[in-house]
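I have placed the structure first, in the form of structure tokens, so that the comments after it can refer back to it.
The values are calculated or read from the model by the stated rules, or taken from the named source; none is laboratory data. For clarity, every value in this text was computed on a predicted model and none was experimentally measured. Cβ sites come from the backbone with ideal geometry, for glycine too, and all protein chains shown count toward neighbours. For accessibility, only protein heavy atoms count, side chains too; no ligands or nucleic acids. Shrake-Rupley method; radii C 1.70, N 1.55, O 1.52, S 1.80 Å.
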Amino acid sequence: MECSMKLYVCSKCGHIEFNDLPDACLVCGAGAGDFAEDADAINKPADAADLTEAEKKHIPQVVVVRECGLIPGGGCYDVHVKVGEIEHVMEPNHYIKYIDYYLDNKFISRVWLSPEVCHPAAGLHLKAQSGTISAIENCNKHGNWLGQAEL
Ligand SMILES: [Fe+2]
């Protein structure tokens, strides 16, 4: 991600918008006035080439699967996200609350995760077949973490 990119965070639901302040939150509908710019909204690994165990538990792994059988016609790209390289726990007091998906830094979907029922993972079926997918996961204890992959 470019260092110059601005991050705007919704104070109501935690949703992050890249670059431009929205008129309203695309997740919860809060107004532009409920957003605050925060360059540190997403945690960054201290050394991307040598991740700590905690970083491996939080950085989303984004996997694109181009052969989907669910939507016929061959034009469905699946994007799977798993948190993380070491599987994050899903316990009532420590869990992945949601995963927000973006295509080319534009928000496309939030998947909420129940710690009692869900693994720390989610999937989408995309019409889009090019661009950069970003996934931001929110851990209730350890904040926001970003993973990316090319479609
Ligand atoms: Fe965590």
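Details
- Evaluated with a Cβ-only charge set (Lys, Arg +1; Asp, Glu -1), the chain carries a dipole of roughly 360 debye about its Cα centre, given to the nearest 20.
- Sorted largest first, the spans of the alpha carbon positions of the range 1-40 along the three principal axes are 27, 16, 15 Å.
- Solvent exposure, largest accessible area first (probe 1.4 Å, DNA, RNA and ligands not counted), of Lys127, Lys44: Lys127, Lys44
- A simple charge model with +1 on the Cβ of Lys and Arg, -1 on the Cβ of Asp and Glu and nothing else charged puts the dipole of the range 70-151 at about 220 debye relative to its Cα centre.
- Under Karplus coefficients 6.51, -1.76 and 1.60, residue-wise ³J(HN,Hα) of the range 74-79 in Hz, glycine/proline x: x, x, 10, 9, 9, 10
- Lys/Arg +1, Asp/Glu -1 at C-beta; the range 43-150 dipole; positive extreme among His119, Asn93, Ser130: Ser130
- Met5 exposes around 30 Å² of accessible area when a 1.4 Å probe is run over every protein chain in place.
- In this rough spin-label picture, where each label sits 7 Å from Cα along the Cβ direction, the Ala32-Asp104 distance is 2.3 nm.
- The chain, accessible surface, carbon-and-sulfur percent (1.4 angstrom probe): 50
- Straight-line cross-link reach from Lys44 at under 24 Å between alpha-carbon atoms covers these lysines, not counting any fewer than eight positions away in the same chain: Lys6, Lys12, Lys56, Lys57, Lys82, Lys97, Lys106, Lys141.
- Inter-label distance, nm, simple model (7 Å from Cα along the C-beta direction), Gln61/Ser4: 3.5
- Shape class of the range 43-150 from the Cα gyration tensor (axes a ≥ b ≥ c, square roots of the eigenvalues): prolate, since a/c reaches 1.5 or more and a/b is larger than b/c.
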